[in-house]
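Working notes, structure below.
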Amino acid sequence: MLQQLFFVLIVRPLVLIVIGLNIRHRERIPLKGPAIVVSNHNSHLDTLVLMTLLPWPRLRQLRPVAAKDYFLRNRVLAWFALNIMHIIPLERHLIDRTQDPLAACSEALQNGDILILFPEGSRGDPEQMGTLKTGIAHLAKRNPEVPVIPIFLHGLGKALPKGEAVLVPFFCDVFIGEPIRWSADRTSFMTTLEQEIKALAEEGYRPAWE
Amino acid sequence: MLPHITPSVLTALGGVLGILVVASLIAALLKRLHPDRNYTELIQRIRSWWIMIGIFSGAILLSRTASILFFAFVSFLALKEYFSLIPTRRADRRVLFWAYAAIPFQYYWVHEQWYGMFIIFIPVYLFLLLPMKMVIIGETKDFLRAAGTLHWGIMTMVFSLSHAAFFLVLDGARNPAGGGAGLVLYLIFLTQFNDVAQYVWGKLTGRHKIIPKVSPNKTWEGFLGGVGTTTALAMVLAPHLTPLTVIESLGAGLLIALGGFIGDVTISALKRDIGVKDSGSLLPGHGGILDRIDSLTYTAPLLFHFVYYLHY
């Protein structure tokens, strides 16, 4: 309830009016889970934008996978992350090998949720794509039936890059790719995923920003 | 019931509605007659017109303040599209923020009918302020390019367009036929009509290219046909919506037809420089918002100062 209020009153007006999206291939958005949405990551706005792509009554099924050390670092942020954003906290630096960092993700997929995952691991330098971490491949291997939908985002890193507090409006690109599935080995899966996102990036025009 | 609206403005809005209905019917008929042809763009275009004209008419009918807010929002969308299109510097994020912040100020001066501030705020104060802010930030690489492109955008998308809104607050007693809303309608309708007229004349009779390096589809025939039609319509509409005399309305028509053409090809030059076909994807069938308001960035200030000098 609180989550829906937050999205209807704050996030949707922010995303639709202040920012403004240029969405390509909207029909490829998975309308029901289980599914994994994978995108490049440049801004805190990324998650909010991806969460507005689905009709808001389905909001409860969307689960951003987010760094536990960052989002659960204090009580206020943890409350917001868990109750409003409904995140699945992910242990980025696992010491205890007996624990399974992806257990919660797999469980959510079995419940028919849609995961939002940023395989770069962090927002990194604005509008630069870093190397993709292979957690997504483990998840896809365990759930070979689940479609992985690559999405390329551009502009949000200009609107609100890492380390900046002032939001500057820019129209943002959201290019949605064809779903891909687990392909028997990790390297080829990761290569396909990376190429898909890069191919989506090539579809658009992006002005210089330095 | 609507004290800020004169009967002739209501009639004119009704006329626009009628044109839209006819256009929609023709599109539906075309689709039925030629099911093999693709009319997606035409249908999208007309649908976008319905939405644009719906919001515009709603704002005009609601109140003067709503109409001013409407233009402020158009300025915001246009400036955002421009900033998203051009190369910008990361160091200038906060400069861009100030540029956006100028929009509410500029339209507040309009709302307060403070002509002196309205006319100098952007060309003087903002023009001096933004480079100062850039110098404080301290990035000198591409300083001139950034200062120039930012100011051109603000002048075009905010200063120019805000002239359309200033029509709304001019003394209504000097224009009993149409009031402020009448002049706005006259400006917007003739500017958009001129775009369509030049396009249709060009399609039907176009032979000789007028400005091939910038806009290869524009022809002399389209341009002159548009000028003739728009000027004739400007003279017909003037007594109902404006304080202009017959000879003045001839001048107003020429100004809109000529200015509209130049505004159009100026934005074409910008797009060609950057290498994009459409300025954005906000208005399906049209492209971006700049593709729709390109002509208006010239006609709004030109018609405003023409009318202001002669009658206010």
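Projecting the Cα positions of B:Leu168, A:Gly155, A:Leu72 onto the charge dipole of the protein assembly as shown (unit charges on Cβ atoms of Lys, Arg, Asp and Glu, taken about the Cα centre) puts A:Leu72 furthest along the positive direction. Rounded to the nearest 20 debye, the dipole size of the range A:48-119 about its Cα centre is 220 debye, using +1 on the Cβ of Lys and Arg and -1 on the Cβ of Asp and Glu. When each full DSSP H helix of chain B is screened for a Cα extent of at least 18 Å along its own axis and an average Kyte-Doolittle hydropathy of at least -1.0, the helices passing are B:7-33, B:40-62, B:64-85, B:93-111, B:179-205, B:220-241, B:246-274, B:296-311. With the cut-off at under 16 Å, measuring from each backbone N in the range B:30-68 to a point 7 Å along the Cα-to-Cβ line of B:Val22 picks out B:30.
Binning all Cα-Cα separations of the range B:156-312 at 10 Å, short to long from zero, yields these whole-percent fractions: 12, 40, 33, 14, 2. Its relative contact order, with pairs defined as Cα atoms under 8 Å and 6+ residues apart, puts the range A:1-120 at 39 percent. Rounded to the nearest 20, the size of the Cβ-charge dipole of the protein assembly as shown about its Cα centre is 380 debye, with Lys and Arg at +1 and Asp and Glu at -1. Size descriptor for the protein assembly as shown, Kirkwood hydrodynamic radius: 25.6 Å (Cα pairs only, one decimal). Between B:Ile68, B:Phe118, B:Ile86, the Cα set farthest toward the positive side of the dipole of the range B:65-129 (charges on each charged residue's Cβ, about the Cα centre) is that of B:Ile86.
Enter the Cα centre distance for the pair the range B:140-214 and the range B:24-70, rounded to the nearest angstrom. Using only Cα atoms to place each centre, the spacing works out to 20 Å. Distance between the 7 Å Cα→Cβ label points at A:Ala78 and A:Arg26: 4.0 nm. Of the trypsin sites (Lys or Arg not before Pro) in the range B:139-192, the ones in a loop by DSSP (not H, G, I, E or B) with at most 15 other beta carbons within 10 Å are B:Lys141. Accessible surface ranking for A:Leu156, A:Leu77, 1.4 angstrom probe, highest first: A:Leu77, A:Leu156. Once Lys and Arg get +1 and Asp and Glu get -1 on their Cβ, which of A:Leu193, A:Gly177, A:Gly204 lies farthest toward the positive end of the dipole of the range A:160-210? The one lying farthest along the dipole's positive direction is A:Leu193. Rounded, prolate or oblate, given the Cα gyration tensor of chain A, with a/c below 1.5 counting as rounded? In terms of gyration-tensor shape, rounded.
Sorted into 5 angstrom bins from 0, the C-alpha pair distances of the range B:25-104 split as 3, 12, 15, 14, 12, 12, 12, 10, 5, 4, 1, 0 percent. Measuring against 22 Å, Cα to Cα, the residue pairs A:Lys32/A:Lys68; B:Lys80/B:Lys203; B:Lys31/B:Lys271; A:Lys68/A:Lys162; B:Lys80/B:Lys209; A:Lys162/B:Lys271 contain A:Lys32/A:Lys68; B:Lys80/B:Lys203; B:Lys31/B:Lys271; B:Lys80/B:Lys209; A:Lys162/B:Lys271 as the ones spanning a longer distance. If you restrict to DSSP beta bridges whose two residues both lie in the protein assembly as shown, what percentage is antiparallel, to the nearest 5? Around 25 percent of the beta bridges assigned by DSSP in the protein assembly as shown are antiparallel ones. A DSSP coil position with no more than 16 other Cβ atoms inside 10 Å describes the following trypsin sites (Lys or Arg not before Pro) in the range A:90-131: A:Arg92, A:Arg97.
Heavy-atom accessible area, probed at 1.4 angstrom with all protein chains present, ranks B:Phe118, B:Phe97, B:Phe306 as B:Phe97, B:Phe306, B:Phe118, highest first. Assign one of three labels to the range A:121-210, namely rounded, prolate or oblate, based on the Cα gyration tensor with a ≥ b ≥ c the square roots of its eigenvalues; rounded applies when a/c is under 1.5, prolate when it is not and a/b is larger than b/c, and oblate otherwise. Taking the square roots of the gyration eigenvalues as a ≥ b ≥ c, the range A:121-210 is prolate. Here the range A:170-210 is treated with +1 on each Lys and Arg Cβ and -1 on each Asp and Glu Cβ, and its dipole about the Cα centre works out to around 140 debye.
The values are calculated or read from the model by the stated rules, or taken from the named source; none is laboratory data. Remember, it's a predicted structure, so these values are computed and weren't measured experimentally. Glycine gets a Cβ as well: all are built from the backbone with ideal geometry, and neighbour counts include every protein chain shown. Ligands, DNA and RNA are excluded from the accessible area calculation, which covers all protein heavy atoms including side chains. Shrake-Rupley method; radii C 1.70, N 1.55, O 1.52, S 1.80 Å.
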